[in-house]
Amino acid sequence: MPFRILTWRLGRPGLLATEMISARAVLEKNKKQEQYLIKSESEGPVAYQLWGCEEDAVEYAAGIVEARGADVVDLNCGCPVRKVRAAGAGSKLMEDPKLIAKLIKAMKRGVTNIPVTIKIRVGINDKKYNGVEVAKIAEDAGVDLITVHGRHAGERYSHSVRYEKIQEIVEAVKIPIIGNGDVRDGLTAKEMFDRTGCAGIMVGRACMGSPWVFSKIKAELTGETWQEPDKFELASIILEHYDLLVKIVGEERAIRQSRKLGAFYSKGIIGAKNFRNMLNNMKTREDLIELISILTL
């Protein structure tokens, strides 16, 4: 949520997304999931993304996130991480399109007035690109929108995006398809639109450390002038992100998370390597302020 607040203010994307939320953990009222259910008045529309493979869990969790302020509830059917797949969820669901349909119907039973969406990959492996099949079955089950990552489940992020496979899915269904994968600026966004015919784009890894990237992409697509944040603005953003984290997860966890976040934010900045090395020894907010000053020299 802290990152979404910054992203909304600096980038104004059409829709933000939560971390992947375990539907089973929501059903079991796991307290660790609470931080992922929080929505702030300082952010824009949010899709709450669930992961799981049990109808009762996704139905219940969909209703809970709607009650907590979700504008959209999404089911992840594309995550290639081993732990998620081992639980029968994420991209493992691509191997059972009929189960995806059952989960969509369960989520639609769980909500009253918000869209139900899914995110998929273009296929399972090099021998089975079943994205079109999954999309058609999902459409018949009543899903409102599908986001398609342009690689198959076995590739993770090792292959360039397969635009033609996304295009096949766009042309196979009537519902909106969102293209995802390797979009990082206006040029790559335009390529995604032009080569797939998708209705919109999703930006993932490229926004890490760059919550303003959406403003950049929109400006480059429309030919408007856009200015990258200077080093003083960057320092202010890093500190604001830390302070927002403290309110949600406490100082100890905020410090640990800020070590990773600081590495993202400092990419391409003079003195970044020294900054990242020193981040590992950060223990207090005062340490962070002192470290941030390195970036403004």
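In the stretch 281-297, which residue that is at pLDDT below 85 and outside any helix (DSSP H, G or I) is farthest from D230 (Cα to Cα)? Among them, the one singled out is L297. Scanning the stretch 64-75 for residues that are among the charged types (D, E, K, R), in a loop (DSSP other than H, G, I, E, B) and either crowded, with 20+ Cβ neighbours inside 10 Å or in contact with a Phe, Trp or Tyr (Cβ under 9 Å, 6 or more places away or on another chain) (or both) turns up at least one hit. When the stretch 111-133 is filtered for residues that are under 20 Å from V81 (Cα atoms) and hydrophobic (A, V, I, L, M, F, W, C), the ones remaining, listed by number, are I118, I120, V122, I124. The residues of the stretch 246-261 that are assigned to a helix (DSSP H, G or I) and either farther than 16 Å from D287 by Cα or over 19 Å from the mean Cα position of the chain (by Cα) (or both), listed by number, are V246, K247, I248, V249, E251, E252, R253, A254, I255, R256, R259. Among the residues of the stretch 147-188, those identified as surrounded by fewer than 16 Cβ atoms within 10 Å (Cβ to Cβ), modelled with pLDDT under 95 and not charged (D, E, K, R) are Y157, S158, H159, S160. Residue check: K39 meets all listed conditions (1) assigned to a loop (DSSP other than H, G, I, E, B); (2) open to solvent by less than 50 Å² (accessible area, probe 1.4 Å) but one, namely (2).
So which residues in the stretch 244-283 are closer than 24 Å to S42 by Cα, touching a residue at least 12 places away in the same chain (Cβ under 8 Å) and small (G, A, S), if there are any at all? Within the stretch 244-283, A254, S258, G262 qualify.
The values are calculated or read from the model by the stated rules, or taken from the named source; none is laboratory data. Note that the structure is a prediction, hence the values are computed from the model and not measured. Quick reminder, even Gly has a Cβ in these numbers, built from the backbone with ideal geometry, and neighbours come from all protein chains shown. Protein only, heavy atoms only, side chains kept; ligands, DNA and RNA dropped before computing areas. Shrake-Rupley method; radii C 1.70, N 1.55, O 1.52, S 1.80 Å.
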